[in-house]
Amino acid sequence: MMILTALLIFNLFIPLNTRYSLHYSDIRQGFYPTFDCLYTYLVDVGKEKGKDYLQNSYLTPYCRRPDVNEEQDETLYPVYENIIKTSSFKELKRQNVTSEQLLQWFSPIDIAEKYEMYRNDSDVFHNCSLPWFGSMCQYKFNFDFDSYLSFSDIVQATTDAKTKNASDISTRTYYGLLTSCNRGSWPLCLDWREICDGKFDCINGEDEYMCDQLEMTECNSNEYRCHYGTQCIPLVFLKDGKVSIDCLDGSDEAVERLFHTSQINWNCLPISTFRCEEQIGRYPESFQCGDGEYLLGVTLPITMVSCSNQRDKEVSRAMLTNMEHISSINCRETFYCALHSNRTFGSRGIDHNGMEMVPILEDIRNEECESLSQYCESEWLVIPAYPILFGFFQFIYFTNRSVDEFKTNIKPDLICFNAQACPALLTEIHPIKFLDGLTCCHSSDLIFGDEMKDFNYIDAMFSYRKHDCARKGIEKSCKNSSYFYCNESMKCISFNRVGDGNNDCYFGEDERFNACQLNDSNRFQCSSEENKCLSLVAVGNTFDECRLGEDELFAYTQNWAKLVQFPYLCNNEHHPGINFDGLNDTDETNCDYWPCDNPYTHCNQYWNCQHGTDELNCPNSKCSFNEHECYNQQSGLSYCLSLHNTYDKYVNCCNETYVEREIYFYNGTFDISENYFSWNDSEYITLDKVCRIDQHLQPSFITEDICFYPPENSFSPDGKTVKLIPNNEYLCHYINSEFPKYYDLFFKTLRLGYFPSVLMNNSIATISKTNQLKKTTFNISNEFISYCHRGILVLRGRNQIKTCFCPPNYYGSQCQWQNQRISLTIQLVWRSNRFTPVVFQVLIILIDEYGQIAPYYEQIIYIPNRDCNTKFNLYLLYPERPKSLSNNYSIRIDIYEKIKLEYWSSWHLSIPFQFLPVNRIATQLIIPEMKNEKSTCILSCGEHGKCMNYVNNKSLFFCLCDNGYSGINCNITNQCNCANDSLCLSSDICICSLYKFGPYCHLTHSICQLSNNSCQHNELCVPNDYRIDLNTFTCLCQDEYSDERCENKNNRIDIHLNKEILWEHSLLLIHVITSFDQKEHERRILLKKVPYNQNILTIHLTQPFHIILAEIVNESFYLLVVREVFQPSEYIQTKIESKQRCPSINNLLNDTVRQYSYLRRTKYYPSLCHTNLELMCFYDEVHMCICDRNRFSNCFLFNQTRNNDCQGYNYCENGGECFFNNQTCPTQFMCICDDCYYGAKCQLSTKGFGFSLDSILGYHIKPKISLNQQPVIIKITIFISTMLLVIGSINGFLSIETFRRIKSRQVGAGYYLLSSSIISIFIIILLTYKVWELILSQMSVITNRSFLYFNCVTIDVILKILLTFNEWCNACVAMERMMSVILATRFQKQKSIKMAKWVVLITFIFTILTHIHEPIRRELIEDFDIDDYRIWCFVRYSSSVRKYNSFITLFHFLAPFSINIISALCIIITLAYRRSAVEQSETLRGHLKNQIQQHAHVLYSPCILILLSLPRLIISFANKCMRSAHQPWLHLIGYFLSFIPSMLLFIVFVMPSKTYRREFKAWTKQISQKLCTTR
């Protein structure tokens, strides 16, 4: 485990000073005084193997928090000797002094804000002299330090210094808010961790009241139930790192245990964060040390001090020595002498861990003790005052015992206990007395042996009896079915305690039980014991619960590749516990193909190679190229010995088990090769090469061009003494570590090389940034450390009175009291496909059951790009002290988007078990991508509010009040002091705009103002929380720049695309790998579209990188870029070519090797690069490997088995694959859509019958690019639509004029065709409008949302209605013609005309009604799709409406289509039958032929319409959906074909008909005559 506690340091542009700006110096929070606050900001960072880095943020106010019962000694008057100058606000305004200047003079925040508001001329500002600060210049720290010490530094240094006074009892804190707790004469106060710990710490058990409810806690399937039972935490928090303990009992993480002792969390003393301050023991029968540390399975008294703060010693001593309950002082002293005179409790010496042991109690005296009966009036004496000895007991001594008997035996006469707490003991004793409700028996009933010389004997012979009470019962069965029955121990326990690594049943039934049959998914199944499933609290508890200990090895990951990562393989250091499964494979076996000199062994100060080539040419080496440093101990001189002059002496006998190696140096000219083997002759030295004759050795066949891992037959290089030739004199010893210097190894880019080659001749320098922080050290006296307990001491006033600033979890004049509180951990998650920056303001408030807001609240600024994977830890305090149990409090969390200052969403968190002193809550809040809108509910919110529901509970509602209003129903007008550009939520709560701060938002962050933007290139500057620092900021860089101030231009990579490789692929995944020295590599993922009609894909990278890979989704990988050292602002051109393809190991290794385990198969990887010289990279299921310059396979974790569901939160719709842009720190999600779907979330569909021009052309239109640069398909679309407009307009005009004539409308068909002609004009105009509207909106020329929305709900719908109506008109023409043929002379023209008028009206209304659902379901959506921002017109149907839409669309298409076909056939067949009846000499076939020829004009219309409709029908049914990315032309043709029938009315109906042609000619003749007349 790697844990780093660090103060987050921002870039400061104004020097720090030793004066401090107070908060709330003029404001009191809550009903009890809290004022004069300083904030400390702490960041706790850590990581477990196989897990991501975690960052815990703590912004904690240290304030004056006096108890209401303590004397209020606030400074009411200025301390004038500490003031440089006092100025009235009026005077300061006259001098044009700004509030910013006051802050630079370290004015308290609220004083500066009051000056900015300027409502009272009499208000004054005191400019304090160094080192004083405060509104009255009343405070100073009593430290001598330099000018670079922040308050966070002081807090950290004070906390660290407390370890020196760990055993000082005066520094202890206590819980005093359980007012009903009676501890009698017990001298030690209650600690909050002793409440609900399973033992009575109050005489009447008030501390255990209602605690049985904790066992009944049930959690959701996506939550983990903490073992203690007080809370449920998100499953993603489970085993995420020991630096972040989210359960109050710490059961979500592995424990920190000191060696083999009972000390858990032994390192808590100097830690002030939640992982210690907010933690209790995870098991019963544990002793709470009081600062997060606890002793596992220990009840007091204890014979050996174990708590770091020695609280166990104090309690043990008090149990045995406290006799305040005895009224007579003489009796008290005599009793003490009788029990402890010349006795020692505990041991002295050294324990098995080498730690010094000191007795708990030692009393050596020479005087004799006196008789108890002489001074004690009672018949007996008890110790301790109530039954807490060994957890449950009380000893009784009769006062008539002689002094001599006490000298040899202190065994009690009677032992008393509470029968309810120890019912099982009743079966073993003979009760003889009942004392104060306790059951008593002779000590011989429970203690074997007659003599007990001291309490050490009693501890050895009696302490085990605590298990009889805690683990045995007398129950015959369990009344509650959710409890487990210990049949031997006769005890009922919760099923949650079964298999938890702790015997809750005396005979261990709970741990022997097969918990696998409970079907609990949150259990760990032992691979070595198939019937053993452990509660997760037992995993990582430092005890091997599984037979082979896999529960400890796999505490955080069961992935071998993560547990034993590639850099740790074959490095001469065995991984602990690696061969737990009994296999022969370990990380150091089968290393024959592993180079001894590789990036992870190079320069580790240990010779992995036999002649030390891995330690040559290292940084900071004193020697030249290919020289080893050698030290002469006698002369103290160092030599540099070249490989060319170094030799191994041949060995005559190699049969020995150990062959001693002799190394020589020779720089002469003689040939010594007969007796010496030169290191320069081989890259690889083995025993067979230096053995002169040896039959049993097999020669090494390993290639000579690389030095491989030393095999078993190599001889040891230890003791590298170098001698001279020829006199055999000692020269020196090689400087070499006895063991490899391995720390935490991570993926290294050493020797990776550069691909493509770097376009520069100069050498490449490593670019790194370091912050040179001056380490501030100062001494704090023990007096100042102990005075404020867990607070920070300042000196106040002219008398320099000791005063304490307390964190929220403590209060009192000396921070001596433990506070009731809510310790809240929040992890905010923002996943969006947007690339625009976003900043959130999080408001956390406490509300009662009526929705009233409590006065204590907290705020957080959350920037997703900066704060991902960050847990915010903060305290909420109840408005009353002690809290009122009649009020049912809960937490409401509101989030506001800070840039636009608009409400976003809210969450509701319940606070279970409010009788507990500390309520621990840990939650993950997933911020919705779209802000929450008004909900429909029955809650009355009046005129000034709107009803909203909570994100995490849609059935729970609240009133969100308008600005300036509050109350449950938003009926209270706030007396608001908030600035005008802020949001006023109550009289005390304001939400500030981006560049404003202060309690009422009147102060301005000048560092980020537009005229003084600290971020270059006008990027967004976000001030950091003013409570952390007033002069720091965060730059949110976009586009082409990056780094802390957006000062560096991003790297540009142009990828030349190979169309043969990318055929029919529209998407590429770009994997960007970045290596770090002190942490694991980072993998970022970009989803890029393969551009249409372009051969180059350009990406800009904002962060450093070393490797870039391209993935054709679910097919193959290609190596694009390799940079051994990152080059900023570099322009790289690369290609996707077949030689850069990374094959799978399945294509490189044979079947036998592929079947090997991870630890064995991976050892063959280096040989792959060495034997395949053209190979650039390859991968397996968990690794990606790069062949480096030395042909070593340098591998790093690269998981191929991604589940594509965004870690369980799939934001993609319709089965789309979701994944994050960064596996370590995700901030954006991306979707790969199935066929038939498109859009950023795959929310848009082309399924179903019908065409949409948006889906066909949308992605081909390039945003923000001029029309002449648009793709060919767009230009052709414009051309076609223009041609259709011209042709359609002419057709429509001519048709209208033809069918307007009286003779054209002598039957109903004329009216149908006239209507169709008019409609066709509208259709072609709307089509042209639709094409241009789509193109201009997707080009971002038209952006007005109202205009776009109007078009969305009208244009497509009207087009559908008109097209459908047109088809029905054509069908009606065909039907009327059919009826005229069938009825013949019975056909009535006037009746057909009348009917046609009604049919036209009814058909039009029917068509509209059947499409009425469309405009209702249409909406505009913003789509941030990969590289483009688009606005789509989107139709969303419910399942039932979708079925209806499909049916009605098919009906409107197939019905007219069928009518046309049937009508044409009926006309021909009817006429043929009639003719055959008259002219029987001709066959029916002949008549059919003749009729077709005679009535061809009647058939032309339906046949042409059918032919024009067939392509659309075929395209629609041949494809399940429109795959516009792959087949845009086919669908575009089909789309335009649907408009052709409307354009061809003149050709289809006028030209074939003699009547209509005659009328058309008549019209043309009439027009010609009019034209001639006008001339």
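The values are calculated or read from the model by the stated rules, or taken from the named source; none is laboratory data. What you see is a predicted model, and the numbers here were worked out from it, not measured in a lab. Counting neighbours? That spans all protein chains shown, and the Cβs are built from the backbone with ideal geometry, glycine included. Heavy atoms of the whole protein, side chains included, go into the accessibility calculation; ligands, DNA and RNA do not. Shrake-Rupley method; radii C 1.70, N 1.55, O 1.52, S 1.80 Å.
For the stretch 1539-1575, filtered to residues that are under 20 Å from residue 1320 (Cβ atoms), out of contact with any His (no Cβ under 8 Å at 6 or more places or on another chain) and assigned to a loop (DSSP other than H, G, I, E, B), the residue that is most open to solvent (accessible area, probe 1.4 Å) is 1551.
Among the residues of the stretch 75-130, those identified as surrounded by 14 or more Cβ atoms within 10 Å (Cβ to Cβ), at pLDDT below 90 and over 21 Å from residue 38 (Cβ atoms) are 118, 123. Just to be sure, is residue 309 surrounded by fewer than 18 Cβ atoms within 10 Å (Cβ to Cβ) and either touching a residue at least 12 places away in the same chain (Cβ under 8 Å) or not charged (D, E, K, R) (or both)? It is false that residue 309 is surrounded by fewer than 18 Cβ atoms within 10 Å (Cβ to Cβ) and either touching a residue at least 12 places away in the same chain (Cβ under 8 Å) or not charged (D, E, K, R) (or both).
Please work out if residue 223 is touching a residue at least 24 places away in the same chain (Cβ under 8 Å), acidic (Asp, Glu), farther than 24 Å from residue 420 by Cβ and touching a Cys at 6+ places or on another chain (Cβ under 9 Å). So residue 223 does not fit the description; no.
The residues on offer are 1255, 1281, 1304, 1266, and the sole one that is of a type outside the set (A, V, I, L, M) and under 17 Å from residue 1548 (Cβ atoms) is 1304. Checking the conditions here, which among 1045, 1052 is surrounded by fewer than 20 Cβ atoms within 10 Å (Cβ to Cβ), modelled with pLDDT of 85 or more, in contact with a strand residue (DSSP E or B) (Cβ under 7 Å, 6 or more places away or on another chain) and part of a loop (DSSP other than H, G, I, E, B)? 1045 is the lone residue from the list that is surrounded by fewer than 20 Cβ atoms within 10 Å (Cβ to Cβ), modelled with pLDDT of 85 or more, in contact with a strand residue (DSSP E or B) (Cβ under 7 Å, 6 or more places away or on another chain) and part of a loop (DSSP other than H, G, I, E, B). Selection of the stretch 324-378 for residues being of a type in the set (Ser, Thr, Tyr) and either open to solvent by 50 Å² or more (accessible area, probe 1.4 Å) or not in a strand (DSSP E or B) (or both) yields 327, 328, 334, 336, 341, 347, 371, 373, 375, 378.
Yes/no matrix, rows are residues, columns are (1) closer than 30 Å to residue 1260 by Cα; (2) open to solvent by 20 Å² or more (accessible area, probe 1.4 Å); (3) assigned to a helix (DSSP H, G or I); (4) not hydrophobic (A, V, I, L, M, F, W, C):
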{"residue": "1398", "(1), (2), (3), (4)": "no, yes, yes, no"}
{"residue": "1407", "(1), (2), (3), (4)": "no, no, yes, yes"}
{"residue": "1414", "(1), (2), (3), (4)": "yes, no, yes, yes"}
{"residue": "1420", "(1), (2), (3), (4)": "yes, yes, no, no"}
{"residue": "1424", "(1), (2), (3), (4)": "yes, yes, no, no"}
{"residue": "1430", "(1), (2), (3), (4)": "yes, no, no, yes"}
{"residue": "1433", "(1), (2), (3), (4)": "yes, yes, no, no"}
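Listed by first and then second residue, the pairs with beta-carbon distance under 6 Å, at least 6 apart or on different chains, first residue in the stretch 774-790 and among the polar types (S, T, N, Q) and modelled with pLDDT of 80 or more, second surrounded by 14 or more Cβ atoms within 10 Å (Cβ to Cβ) and in a helix (DSSP H, G or I), are 786/165; 786/171. The one condition from (1) closer than 18 Å to residue 132 by Cα; (2) at pLDDT 60 or above; (3) open to solvent by less than 30 Å² (accessible area, probe 1.4 Å); (4) of a type outside the set (Lys, Arg) that residue 34 does not meet is (1). The residues of the stretch 639-662 that are modelled with pLDDT of 90 or more and farther than 15 Å from residue 681 by Cα, listed by number, are 639, 640, 641.
Screening 482, 463, 494 for residues that are of a type outside the set (A, V, I, L, M), touching a residue at least 60 places away in the same chain (Cβ under 8 Å), surrounded by fewer than 16 Cβ atoms within 10 Å (Cβ to Cβ) and closer than 30 Å to residue 543 by Cβ leaves exactly one candidate, 482. Among residues of the stretch 157-168 that are at pLDDT below 75, those with a beta-carbon under 6 Å from a residue that is assigned to a loop (DSSP other than H, G, I, E, B) and of a type in the set (A, V, I, L, M) at least six positions away or on a different chain give the pairs 166/269. Taking the stretch 287-301 as the range and being touching a Leu at 6+ places or on another chain (Cβ under 8 Å) and at pLDDT below 90 as the test, only 291 passes. Residues in the stretch 1548-1569 that are of a type in the set (A, V, I, L, M) and either in contact with a helix residue (DSSP H, G or I) (Cβ under 7 Å, 6 or more places away or on another chain) or within 15 Å of residue 1309 (Cα to Cα) (or both): 1548, 1550, 1551.
Considering the stretch 1138-1162, the residues that are exposed (fewer than 13 other Cβ atoms within 10 Å of the Cβ) and part of a loop (DSSP other than H, G, I, E, B) include one that is farthest from the chain's Cα centre (by Cα), namely 1150. Among the residues of the stretch 629-636, is any part of a loop (DSSP other than H, G, I, E, B) and hydrophobic (A, V, I, L, M, F, W, C)? No, there is no match, as no residue in the stretch 629-636 is part of a loop (DSSP other than H, G, I, E, B) and hydrophobic (A, V, I, L, M, F, W, C). The set of residues from the stretch 637-661 being assigned to a loop (DSSP other than H, G, I, E, B), more than 30 Å from residue 600 (Cβ to Cβ) and in contact (Cβ under 8 Å) with a residue 24 or more places away in the chain comprises 650, 652, 653, 654, 655. When 874, 843 are checked against the criterion of being in a strand (DSSP E or B) and farther than 17 Å from residue 906 by Cα, a single residue qualifies: 874. Scan the stretch 397-405 and tell me whether some residue there is closer than 23 Å to residue 184 by Cα and buried (at least 18 other Cβ atoms within 10 Å of the Cβ). Taking every residue of the stretch 397-405 in turn, at least one turns out to be closer than 23 Å to residue 184 by Cα and buried (at least 18 other Cβ atoms within 10 Å of the Cβ). When the stretch 628-646 is limited to residues that are within 21 Å of residue 673 (Cα to Cα) and out of contact with any Asp or Glu (no Cβ under 9 Å at 6 or more places or on another chain), the one that is most open to solvent (accessible area, probe 1.4 Å) turns out to be 644.
Residue-level check: of (1) among the acidic types (Asp, Glu); (2) at pLDDT below 80; (3) within 18 Å of residue 614 (Cβ to Cβ); (4) not in a loop (DSSP other than H, G, I, E, B), residue 688 misses just (3). Take the residues of the stretch 546-578 that are more than 19 Å from residue 252 (Cβ to Cβ) and of a type in the set (Phe, Trp, Tyr): which is least open to solvent (accessible area, probe 1.4 Å)? Within the stretch 546-578, the match that is least open to solvent (accessible area, probe 1.4 Å) is 566.
When the stretch 1380-1397 is limited to residues that are within 22 Å of residue 1458 (Cα to Cα) and modelled with pLDDT of 85 or more, the one that is nearest to the chain's Cα centre (by Cα) turns out to be 1396. In the stretch 1282-1293 there is no residue matching the filter, namely being under 21 Å from residue 1433 (Cα atoms) and modelled with pLDDT of 80 or more. Applying the set (1) out of contact with any Cys (no Cβ under 9 Å at 6 or more places or on another chain); (2) more than 27 Å from residue 267 (Cβ to Cβ) to residue 128 leaves exactly one unmet item: (1).
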